[in-house]
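Okay, so here's the structure we're looking at.
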Amino acid sequence: MNNLYLLMNIISILSSYFHIKYISNYTNIHEYKSLPDLIVDNLPDLSKNTFCKNIVDYSILFCFLPIVFNERYDLLRFTYKFFTIIFFLRAFTKFFTVLPSQDNNCVNDVKDPYCYITGYCNDKVFSGHTSLTLTLILLTIENKLIDPKLNTLLIISHIVYVLLILSTKSHYSVDVLVSYIITTSLFYNLKDKL
């Protein structure tokens, strides 16, 4: 069974590689402006703010802290399997339709390993950052890894995190919305099966 997850990860990484190659060689995607977005267009533009982009990328690590401090390493195994499924689904949703980046200075580089970890310019539908952080928050709440009185604060912090994702123009609003729908649906259907 573990070989299946490894195969799914390999397919997902290869999908990203071929997606970047396709975008770079066969499209003029940089000629397109970003799509109109009701929420993103009304948030402050933090796309040039490197500090905010780093917060989006690295704050994911803080979401692992309740699992680590409570020594619930079984939840890390669940997270790996669950996120492999999410990553695999993302491979298909982003592959078939190329959405223009909201950042005109963004460049896809097939040789940059950072692109495969945090995403690349046209890696849009759906948001992996939102999916992973939401998964970790759902695990934290479901397994009572923090005081339940803090759950509301945890949810509010995730909303702020998502607004930061949108403000840095890392994703369109629909990417985040689809992440919430897919992640919560899969989580509550698979939480006792993985």
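The values are calculated or read from the model by the stated rules, or taken from the named source; none is laboratory data. This one's a predicted model, so the numbers in the text were calculated from it and none came from an experiment. Cβ coordinates were reconstructed from backbone atoms using ideal geometry, including for glycine residues, and neighbour counts include every protein chain displayed. For the accessible areas, the whole protein counts, side chains as well, though only heavy atoms, and no ligand, DNA or RNA atoms are used. Shrake-Rupley method; radii C 1.70, N 1.55, O 1.52, S 1.80 Å.
Using a probe of 1.4 angstrom and keeping all protein chains present, the accessible surface of the chain works out to 57 square angstrom per residue. For the chain, the dipole from Cβ point charges (+1 on Lys and Arg, -1 on Asp and Glu) about the Cα centre works out to 320 debye, to the nearest 20.
If Lys and Arg each add +1 and Asp and Glu each add -1, what is the summed charge of the other residues whose beta carbon sits under 13 Å from the beta carbon of Leu164? Mind dumping the intermediate values first?
Details: positive: Lys53, Lys169; negative: Asp45, Asp57.
So the environment of Leu164 carries a net charge of 0.
Remark on the chain: Cys52, Cys63, Cys115 stand apart, with no other cysteine beta carbon under 4.7 Å. Annotation: Arg77 carries an accessible surface of approximately 140 Å², with a 1.4 Å probe and no ligand, DNA or RNA atoms counted. Angle of helix 173-190 to the longest C-alpha principal axis of the chain, folded into 0 to 90 degrees and rounded to 10: 30°. Taking every protein chain into account, the 1.4 Å probe leaves Ser24 with about 70 Å² of accessible area, to the nearest ten.
Out of every Cα-Cα pair that the chain contains, those further apart than 22 angstrom amount to 48 percent.
Quick one: pull the percent of accessible area on the chain belonging to carbon and sulfur, 1.4 Å probe, ligands and nucleic acids left out. Each step should come with its number before you reach the end.
Details: 7190 of 11030 Å².
Accessible surface attributable to carbon and sulfur in the chain totals 65 percent.
Note on the range 1-60: dipole from Cβ charges, positive end direction compared against Leu43, Ile55, Ile11; the farthest Cα belongs to Ile11. Spatial offset of the range 39-68 relative to the range 158-194 amounts to 13 Å, using the alpha carbon center of each.
The calculated pair-distance distribution of the range 111-171 uses every alpha carbon pair, bins of 5 angstrom beginning at 0, and gives 4, 16, 23, 20, 15, 11, 8, 3, 0, 0 percent. Length gained on full extension, Tyr114 to Lys193, computed as 0.36 nm times the residue gap minus the Cα-Cα distance: 25.3 nm.
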